[in-house]
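Chemist: This is the structure I want to talk about, given as structure tokens.
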Amino acid sequence: MDKKYKVLNRDVIKYIAMFTMLLNHIANIFFSSGELIREIFLDIGYFTAITMCYFLVEGYQYTRSRKKYALRLLVFAVISQAPYLLAFWEEFIMLNMMFTLLLCFLIICVLESDMPKLPQALLCILLIFVSLFSDWALLAPVYTILFVKCRGSKKKTAVAYGVAAVLFMGFNYLNYRMMYETALQVVLPTLASGIGIVVSGIVILVFYNGKRMERGREFSKWFFYLFYPVHLLILGIIRVLVH
């Protein structure tokens, strides 16, 4: 791939992911099921989770202290839980995405360990099961495993993104089958739901240069952690005031 297209660094892509997550959460909180604007914002927002899983796997090999990394995820997961419930009460009663990312990080630790294959597989299955109680259950851990297995190969990464998109659309197909009556009403939103994942794949494979920002790295690092609970708190307060 021509290097002239490699114009996006890791931090810029994460900022994009924060924005798409914001759109997704606005759609979930403030728009009703079936509204076109809700579906558009939701589909755009699906860019975020798989992108964060990709960078979680990539960042694992660069982190200086995996214990501190896991602890940061745990601390911000705990901090984010009250804002998460405030924003999504009556929508989602579960653990927030930070808990899911922590589980994904633990899965990477297990896969990268020297333990025998059977205990390794059993631990991964257990962590995937625990994710059932958190946001992006099952899917985020599976995305993480896919990216671990394909790390270092663009061709395998492209395949992983394809599998992830098909898997996600399959989940949504089952959901839309229960919501709508006609085939067109089911197929179109199912296909649209995969757009965010496909775009993430294109951004990572075509435009990502593998670098970080030259300046403001420390700011970006903490911004990504703080944005999650802060934006949920703001949305939750707005929801309370509106309703």
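Chemist: For I238 and Q120, what is the calculated FRET efficiency with R₀ set at 45 Å and r taken between the beta-carbons, to the nearest 0.05?
Modeler: Working: r = 44 Å, r/R0 = 0.98.
In this case the efficiency is close to 0.50.
Chemist: What nm value, rounded to one decimal, do you get for the distance between N209 and C109 when each label is placed 7 Å out toward the C-beta?
Modeler: Simple spin-label model gives 3.4 nm for this pair.
Chemist: Please state the Cα pair-distance histogram of the chain with 5 angstrom bins from zero: what percent is in each bin?
Modeler: Over the chain, the share of Cα pairs per 5 Å bin runs 1, 6, 12, 17, 20, 18, 13, 8, 3, 1, 0 percent.
Chemist: Taking a spot 7 Å from the Cα of L184 along the direction of its beta carbon, which residues of the stretch 18-33 have an amide N less than 14 Å from it?
Modeler: Flagged as within label range: none.
Chemist: Mind giving me the nanometre distance, one decimal, between the label points for W222 and Y62, set 7 Å out from Cα along Cα→Cβ?
Modeler: 2.0
Chemist: Given the options M213, M18, M52, state which has the largest fluctuation in a GNM of the chain using a 10 Å cut-off (strictly under) for Cα springs.
Modeler: Result for the chain, Cα springs under 10 Å: M213 fluctuates most.
Chemist: Taking 8 Å as the Cα distance limit and 6 or more residues as the minimum spacing, I'd like the relative contact order of the stretch 47-158 as a percentage.
Modeler: Working: 106 pairs, mean separation 36.3, N = 112.
Relative contact order here is 32 percent.
Chemist: Follow-up question, since we're still on this one. Considering just Cα atoms, how many Å³ per residue does the convex hull of the stretch 43-180 enclose? Display every interim value, and only then the final one.
Modeler: Working: hull volume 17.5 nm³, N = 138.
Taking the convex hull of the Cα positions in the stretch 43-180, it is 127 Å³ per residue.
Rule-based calculations on the coordinates, nothing more; no lab input. This one's a predicted model, so the numbers in the text were calculated from it and none came from an experiment. Positions of Cβ are backbone-derived with ideal geometry, glycine not excepted, and every protein chain shown enters the neighbour counts.
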